[in-house]
């Protein structure tokens with residue numbers, strides 16, 4: 001039995017039908033394969049039941065495999081083990097990696113209009129080889145072109161020492177030349193956590209009248225990889241993921257280099273877990 005509107009499926013056991021429900025992200029991914037007589041191998045929370053329309057259903061933690069009987073063989077629509085193996089192979093094939101984080105300007109507390117232009121004011125990145133041996137690290141304040149005076153909101157949220165910023169911030173041109181030289185030298189896959197850093201970086205070329213480097217950059221959104229792999233309902237926060245993998249760590253301080261180091265740690269732990277599958281249940285319980 002399949003109820004797509006309720007995101008519920010029924011599976012017949014020995015004497016009754018058990019009901020299971022999909023999270024939105026799961027349903028969006030797998031609804032194309034949910035047909036009567038297909039086989040589905042799931043892991044679910046046996047102790048939790050939730051009312052879904054007229055059904056009491058268990059939440060599905062994740063899907064191992066969806067398949068169907070063909071005329072001469074079994075047709076596999078989805079296989080988590082195969083996906084994991086492919087993802088692990090891709091992440092291990094990267095020669096060089098850059099773990100990048102940017103801190104950005106924010107409008108004042110009084111700002112209520114539209115069209116505010118966000119600019120980077122700090123860039124932190126770590127360049128590593130495929131074994132995550134560090135080759136180069138970068139941590140600089142960068143002078144904005146439009147929002148030349150940092151708002152109190154920006155200063156308070158990022159805990160910026162304004163004297164330190166004014167005395168040490170470099171021009172965007174200096175950042176651009178350094179970043180371009182690293183991209184040219186190593187051609188790294190750029191690991192970011194979420195899309196904002198990529199978007200702000202791309203927009204910075206236009207703001208500062210520089211040739212775009214987008215065509216030279218290979219971005220990997222680690223947050224999206226985690227969300228897809230663990231089939232999470234919501235985007236998992238960087239430092240909460242870091243704590244989940246590695247135990248207690250300092251809270252996020254909104255420093256670009258500190259965040260890039262956390263991104264590196266999460267990437268390493270995630271790459272290992274793709275092979276070992278030790279954190280799947282923990283991640284699902286923590287972030288759903």
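Just so it is clear, none of the values below were taken in a lab; they were calculated from the coordinates. Nothing here was measured: the structure is a model prediction, and the numbers come from that model. In this analysis, Cβ positions are derived from the backbone assuming ideal geometry, glycine residues included, and neighbour counts consider all displayed protein chains.
A simple spin-label model places the labels of residue 243 and residue 112 3.5 nm from each other, with each point 7 Å out along Cα-to-Cβ. Compared with the dominant Cα axis of the chain, that is its longest principal axis, helix 172-186 is turned about 50°.
Extending 7 Å from Cα along the Cβ direction at residue 50 and again at residue 32 yields two label points whose distance is 2.5 nm. Less than 13 Å from a label point 7 Å out along the Cα-to-Cβ axis of residue 152: which backbone N atoms in the range 95-118 qualify, by residue? Within reach of a label on residue 152, which here means backbone N under 13 Å from a point 7 Å along Cα→Cβ, the range 95-118 contributes 108-111. Please give the helix 80-92 orientation as an angle from the longest Cα principal axis of the chain, in degrees from 0 to 90, rounded to the nearest 10. Once rounded, the angle reads 20 degrees.
Extension gain for residue 167-residue 212 works out to 13.4 nm (0.36 nm per residue, less the C-alpha to C-alpha distance). Placing dummy labels 7 Å off each Cα toward the beta-carbon, the span from residue 68 to residue 15 is 3.4 nm. Rounded, prolate or oblate: which fits the range 1-138 when a ≥ b ≥ c are the square roots of the eigenvalues of the alpha-carbon gyration tensor, with rounded for a/c under 1.5 and prolate only if a/b beats b/c? Judged from the Cα gyration tensor, the range 1-138 comes out oblate (a/c at least 1.5, b/c at or above a/b). The angle between the Cα long axis of helix 196-207 and the longest principal axis of the Cα atoms of the chain comes to about 40 degrees, rounded to the nearest 10.
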